[in-house]
Each structure stands twice: as C-alpha cells, then as structure tokens.
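Step one of this worksheet: look at the structure below.
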Amino acid sequence: MPSRTPPPTVRINIPTVNVSEAWAPTPLRKQRIFGTRLVRLYLPCLLILSLVTNIYYFTRPTPLALPATLSSQQSGTQMHREIADTDMRQLTDLVIVPGHGVYLGAGSPLDEANWYLQEQQRGEVGAFMAHVGKGIEMVKEHERALLVFSGSKTRLEAGAHSEAVGYWTAADRMGWLTNSV
C-alpha cells in the first residue's frame, strides 16, 4: 500500500504593523498652504478695505442742517418758522407730499407760466396745488403730524429750484402756511 504523502501546504505570512508605524499621506501640508494663502492674500485685502472704510467714515462731509439749507435757497420766505422750537419726538404722524413740478417762486402759484413743467405736465398745476392743499389740511387735522414736501432738483433747466422748495414756496405765497402748520 502505497503511502500517501500529504499535499504541500502554502503558508502566507501577513505582517502586522502597529497603527503608530503606519504610513499615510498627511493633509497637514495642504492645510498649512491654505492657512498661509489666507494670511498672505486675504488678510491684507481685508485690512486695506477696513482702512478705506475708516478713512471714508472720518472724512465724509457732514449733512447740512435742514432749516439753514431751506432759508439759504429762498431768503424772502420764512420757511423755517418754528422748526427749531418743535420737539420732533412728540410727532406721531408723517404727511409726505411728493413734488412733480418746479414752482419758480415768482408770481402766482396758480399761473402755469410760473412753473417749470415738462410738456406732459401742462395743465396739471391745479392738481399740484390740490396735493399741497390736501397735505396742509391733513396736518391741520392731526396736531402731532409733520408735513414734508418731497422732491429734489430734478430739472437742470429749472436752475437751483427743487420740487420740495417750490411746493413750500407756493403754499407760502397762497398764505396756507400758518402757525398751526
């Protein structure tokens, strides 16, 4: 009887490595590059932006006081009557009359020739004056209301006249601006 020989065995050795000895690429270098880029590129930009903002803040022009501005534009009209004596904290309502035309300040406000108007605004002076009158009526109804005529220097041809000052002057010429307004 022949003897059987066992088949040859293959032995596989897998080396074990401690975790502390394991090699792996570290992302630290990439993080360091990003941190360096942040410090070298973005931080100076942020500092320059902050410097420009601070320079603007400390050197910006201060706005003019409203009564002085109004009185310098129309010296013949008492536009700032009692504005300095008014306690604005007591006011509860705001009435805004938006300006749409420029009253030039000479002659009757009801005469269209005394207004600077665009072609499509011809014949609208009555509506403008009705808006002014309605705003004054509303202020008289509410004793704690403030009337604001809105409108800037929108027309180059009208010169230094703004819509708001024109509305105020028109109301003053009509005698609508009394001590109760």
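How would you classify segment 97-181 from its alpha-carbon gyration tensor, with a ≥ b ≥ c the square roots of the eigenvalues: rounded for a/c under 1.5, else prolate if a/b is greater than b/c, otherwise oblate? The shape class here is prolate.
What residue among GLY123, LEU147, PRO109 has its Cα farthest toward the positive end of the dipole of segment 98-154, where the charges are +1 on Lys, Arg and -1 on Asp, Glu, each on the Cβ? Of the listed residues, the answer is LEU147.
In the context of the full protein assembly, MET138 retains an accessible surface of approximately 80 Å², using a probe radius of 1.4 Å and ignoring ligands and nucleic acids. To the nearest 10, the accessible area of ASP93 is 70 Å² with a 1.4 Å probe.
On a per residue basis, segment 112-181 carries 55 Å² of accessible surface, using protein heavy atoms and a 1.4 Å probe. Among the trypsin sites (Lys or Arg not before Pro) in segment 92-155, those located in a DSSP loop and surrounded by at most 16 other Cβ atoms within 10 Å of their own Cβ are ARG122, ARG144, LYS153, ARG155.
The values are calculated or read from the model by the stated rules, or taken from the named source; none is laboratory data. Source: prediction; values computed, not measured. Glycine also receives a Cβ, built like all others from the backbone with ideal geometry; neighbour counts cover every protein chain displayed. Remember, those area values only see protein heavy atoms, side chains included, never the ligands or the DNA or RNA. Shrake-Rupley method; radii C 1.70, N 1.55, O 1.52, S 1.80 Å.
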